[in-house]
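Worksheet: one structure, shown below.
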Amino acid sequence: MKQTTFYNIHKQLGAKIVEFAGFEMPVQYSGIIDEHKTVRSSVGIFDVSHMGEFEIRGKDALALVQKVTTNDASKLIDGKVQYSSMCYPDGGIVDDLLVYKFENHFMLVVNAANLNKDFDWIKSNIGSMDVQLIDKSDDISLLAVQGPKSLVTLQKLTGANLNAMPYYTFVHGNLAGFDMLISRTGYTGELGFELYFEGTVTISEKIWNAIMNAGKEYGIKPIGLGARDTLRLEMGMCLYGNDIDQTTNPLEAGLGWVTKLDKGDFIGRDVLLKVKEAGVKRKLIGFTIDADKAFPRHGYEIRSNGSAVGHVTSGTVSPILDKGIGMGYVDVSCAQVGTTLGIVIRNKEIKAQVEKTPFIKK
């Protein structure tokens with residue numbers, strides 16, 4: 001299994017290490033609830049170096065990005081980031097991803113578990129295009145610094161004006177004495193930044209320690225993959241492999257806003273146009289459970305009036321709301337906000353209500 005450049009730090013901090021996407025990654029340090037609340041109230045630091053980064057260069061770089069992604073990358077200007085997805089010809093989702101626009105190239109940031117599959121998929125669609133597809137994943141370390149105190153923490157370490165950066169933009173800057181790409185993005189719903197840099201274990205540890213020192217007065221803590229999952233779920237953000245995969249399409253997953261059917265041709269467009277015309281048969285919904293600490297899990301059956309109408313894709317007890325929350329696909333007739341449904345938990349049907357996501361309103 002692979003290790004990120006922060007592995008020694010995770011071990012020193014007593015993190016619980018698990019295998020994830022071929023990496024040894026920290027799932028928690030002080031505990032998921034404590035870490036989750038730290039990010040919501042102050043600032044946390046995540047090692048997300050397992051994510052994949054591909055560069056697309058060459059004369060036809062934009063044409064390739066337009067072909068394989070659903071959003072309209074022609075609208076991007078240098079320094080902008082775009083959330084997008086990739087589809088198979090049948091409309092099923094290959095992955096969701098971020099598209100970064102540089103002066104002379106694009107960078108795609110993909111999910112760790114899909115890295116090889118995504119690279120092969122993009123490569124198979126190059127054809128005669130004049131492009132170079134480069135996998136930079138093993139060269140790049142990536143930290144996410146998230147929470148209301150993330151900006152004041154990082155501003156101590158850089159001359160870049162972080163306050164002037166709009167959401168979903170990036171700059172090249174020097175932070176803690178090292179050159180890096182500073183991106184105002186995130187997967188928590190909080191103010192936050194992601195830091196991309198190349199370097200040795202020594203460099204990575206210096207950057208980590210500088211951020212921890214800068215955030216000390218705000219009670220900064222290291223955050224594992226467990227809290228990353230509960231944070232994104234409170235915000236109704238999709239997780240590939242749970243809420244979206246090759247059996248789901250972007251329109252039923254609520255990703256119509258990153259599916260620009262009028263931008264011109266892209267892989268899956270013909271099928272998605274037909275889906276839009278006919279109307280989706282099922283929708284990804286959010287739901288809450290008021291029953292004391294009822295814990296919905298992936299795969300649990302969703303019922304309406306005693307009949308199965310779908311299944312849970314993600315579920316947890318929200319550390320902020322202190323009740324069960326989840327997402328799942330249901331028949332479109334049961335998807336209206338306020339609809340009462342039943343979640344089958346340990347052979348018992350527990351009452352749930354369809355809610356508009358995000359569950360935490362910012």
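The values are calculated or read from the model by the stated rules, or taken from the named source; none is laboratory data. A quick note: this is a predicted structure, and the numbers were derived from the prediction, not measured. All Cβ positions, glycine included, derive from the backbone under ideal geometry; neighbour counts span all protein chains shown.
Numbers for the structure displayed
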{"quantity": "Close pairs from segment 216-234: first over 30 Å from Gly328 (Cα atoms), partner assigned to a helix (DSSP H, G or I) and of a type in the set (Gly, Ala, Ser), Cβ under 8 Å, at least 6 apart", "calculated": "Ile220/Ala214"}
{"quantity": "The one condition in (1) modelled with pLDDT of 95 or more; (2) farther than 19 Å from Tyr300 by Cβ that Thr230 fails to fulfil", "calculated": "(2)"}
{"quantity": "Count of segment 299-323 residues which are surrounded by fewer than 17 Cβ atoms within 10 Å (Cβ to Cβ) and assigned to a strand (DSSP E or B)", "calculated": "5"}
{"quantity": "All positions within segment 261-287 that are touching a helix residue (DSSP H, G or I) at 6+ places or on another chain (Cβ under 9 Å), farther than 20 Å from Met237 by Cβ and in a loop (DSSP other than H, G, I, E, B)", "calculated": "Leu261, Lys263, Gly264, Asp265, Phe266, Ile267, Gly279, Lys281"}
{"quantity": "Qualifying positions in segment 229-242 - part of a helix (DSSP H, G or I) and hydroxyl-bearing (Ser, Thr, Tyr)", "calculated": "Thr230"}
{"quantity": "Any hit, segment 35-54, residues being among the hydroxyl-bearing types (Ser, Thr, Tyr), assigned to a strand (DSSP E or B) and in contact (Cβ under 8 Å) with a residue 60 or more places away in the chain", "calculated": "no"}
{"quantity": "Tally of residues being over 21 Å from Asn163 (Cβ atoms) and either at pLDDT below 95 or within 22 Å of the chain's Cα centre (by Cα) (or both) across segment 188-211", "calculated": "4"}
{"quantity": "Filter result for the condition that a residue is closer than 26 Å to Phe170 by Cβ and among the charged types (D, E, K, R), over Lys37, Lys75, Lys11", "calculated": "Lys75"}
{"quantity": "Phe20 being of a type in the set (Phe, Trp, Tyr), crowded, with 23+ Cβ neighbours inside 10 Å, touching a residue at least 12 places away in the same chain (Cβ under 8 Å) and under 25 Å from Val317 (Cβ atoms)", "calculated": "no"}
{"quantity": "Within segment 1-34, considering residues that are among the polar types (S, T, N, Q) and not in a strand (DSSP E or B), the one nearest to the chain's Cα centre (by Cα)", "calculated": "Thr4"}
{"quantity": "All strands (runs of 3 or more DSSP E) inside segment 127-228 with 3 or more residues being assigned by TED's automatic domain parsing to the domain that holds Gly14", "calculated": "140-146, 170-175, 178-183, 192-198, 221-223"}
